[in-house]
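Each remark here refers to the structure printed beneath this line.
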Amino acid sequence: MKHFLSVFRVSLRNSIYRELQFGLNFVLQCVGNILWLGFSLFFFYTIYQHTGLINGWDMYQTFFLININQLVIYMYQIFFARNISQLPGLVREGTIDH
């Protein structure tokens, strides 16, 4: 278990360093994600203007679900997606072992 936590820690650190190297890309990605979240909320806001409940869910419950979902997805994309996609190659080449 300790080994997996150390791999997780190294992956997180590498992702943070990579994002800090390309600051403008990070900022633009955040802006794009915020705009996408805004469009999603506006879409459901428009739907809820014409109905009170969707399958027992009111507008605020739906907004909470959307926000939590997007937060988890964005954190994964920012911190783990690039490193996890490169992990098999790093293991195969032996460059992850120090």
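The values are calculated or read from the model by the stated rules, or taken from the named source; none is laboratory data. From a predicted model like this one, the values you see are computed outputs, not experimental measurements. Here the Cβ positions follow ideal geometry from the backbone for every residue, glycine too, while neighbour counts run over all protein chains shown. These area figures cover heavy atoms from the full protein model, side chains too; ligands, DNA and RNA do not enter into them. Shrake-Rupley method; radii C 1.70, N 1.55, O 1.52, S 1.80 Å.
Give the residues of the stretch 76-94 that are surrounded by 12 or more Cβ atoms within 10 Å (Cβ to Cβ), within 18 Å of PHE4 (Cβ to Cβ) and either of a type in the set (Phe, Trp, Tyr) or touching a helix residue (DSSP H, G or I) at 6+ places or on another chain (Cβ under 8 Å) (or both), sorted by residue number. Listed by number, the residues that qualify are PHE79, PHE80, ASN83, ILE84, LEU87.
Looking across the stretch 8-59, the residues that are assigned to a helix (DSSP H, G or I), more than 17 Å from the chain's Cα centre (by Cα) and among the β-branched types (Val, Ile, Thr) come down to VAL10, THR46, ILE47.
Taken residue by residue, the stretch 15-30 has no member that is surrounded by 13 or more Cβ atoms within 10 Å (Cβ to Cβ) and in contact with a Ser or Thr (Cβ under 9 Å, 6 or more places away or on another chain). Set side by side, the residues PHE80, PHE43, PHE64, PHE26 differ, and just one is modelled with pLDDT of 80 or more and under 30 Å from PHE8 (Cβ atoms), which is PHE64. Scanning the stretch 51-71 for residues that are open to solvent by 60 Å² or more (accessible area, probe 1.4 Å) and aromatic (Phe, Trp, Tyr) yields TRP57, TYR60, PHE64.
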